């Protein structure tokens with residue numbers, strides 16, 4: 001069995017884009033690939049705990065964390081959110097068709113050995129600390145870590 | 001076609017049938033055949049692609065009234 005490597009940069013923090021990323025990560029892992037997801041910028045919201053702003057932050061960072069609360073269960077659609085109504089409809093459709101939610105996709109990814117890396121520069125920018133993230137995160141690192149993985153990767157995606 | 005094990009994926013959509021197949025195949029003894037039943041038409045392309053990538057043998061499919069049965073064999077030894 002091959003052990004090809006696959007990397008996904010999760011730059012976006014929206015429900016639809018997170019689902020696309022996890023869908024590919026979980027399929028890749030099922031195909032015997034070694035998958036790493038690198039969460040950066042708005043993607044941090046996907047692996048943040050759902051709690052509101054806490055800890056030491058500047059005023060701007062507080063505002064950003066309140067407006068972009070994050071947490072897998074609080075993500076919004078990138079289009080047709082319509083103040084949350086569109087997202088609500090999408091979530092109920094997903095339930096109807098038994099499609100895994102972002103939280104369930106995260107659990108599935110971890111079960112399959114997908115590695116989660118969080119970008120430390122984005123953390124600094126948004127005033128976030130390691131404790132602000134779910135325990136599923138394996139590593140906090142920067143671009144060199146990503147590129148060293150990606151240079152061995154057969155599939156490298158940016159979502 | 002005869003199978004040693006069956007995996008029911010009716011009502012599940014991509015990537016779940018593949019994720020479940022990958023999990024199930026680990027339980028099979030070498031040389032055994034798994035039948036996956038799905039109503040997601042994507043499985044027709046996805047299963048051969050998955051099998052090729054993972055070193056399992058895709059044996060073919062049977063289709064009736066929206067139910068697709070795909071067969072994969074775990075390699076012997």
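The values are calculated or read from the model by the stated rules, or taken from the named source; none is laboratory data. Everything numeric in this text was worked out from a predicted model, so none of it was measured. Cβ placement follows ideal geometry from the backbone for every residue including glycine, while neighbour counts extend to all protein chains displayed.
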Could you name every one of the helices (runs of 4 or more DSSP H) located completely within the range A:57-159 that has at least 2 residues being at pLDDT 90 or above and in contact with a strand residue (DSSP E or B) (Cβ under 6 Å, 6 or more places away or on another chain)?
A:143-150
For the range B:32-50, name all the residues that are surrounded by 12 or more Cβ atoms within 10 Å (Cβ to Cβ) and within 13 Å of chain A (Cβ to nearest Cβ).
B:36, B:38, B:39, B:40, B:42, B:43, B:46, B:47, B:48, B:49, B:50
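Please go through the range B:51-73 and pick out each residue that is more than 14 Å from every other protein chain (Cβ to nearest Cβ) and surrounded by 15 or more Cβ atoms within 10 Å (Cβ to Cβ).
Keep residues of the range B:51-73 that are more than 14 Å from every other protein chain (Cβ to nearest Cβ), which gives B:59-71, B:73.
B:59, B:61, B:68, B:69, B:70, B:71, B:73, listed by residue number.
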Here the qualifying pairs (Cβ atoms under 6 Å; residues six or more apart or on different chains; first in the range B:18-31 and more than 11 Å from chain A (Cβ to nearest Cβ); second in a loop (DSSP other than H, G, I, E, B) and modelled with pLDDT under 95) come out as B:30/B:76; B:30/B:77; B:31/B:76
Any chance the range A:9-31 includes a residue that's within 14 Å of another protein chain (Cβ to nearest Cβ), in a loop (DSSP other than H, G, I, E, B) and in contact with a helix residue (DSSP H, G or I) (Cβ under 9 Å, 6 or more places away or on another chain)?
yes
Which of the residues that make up the range A:1-52 are touching a residue at least 40 places away in the same chain (Cβ under 8 Å), closer than 22 Å to residue A:124 by Cβ and surrounded by fewer than 21 Cβ atoms within 10 Å (Cβ to Cβ)?
A:11, A:41, A:49, A:51
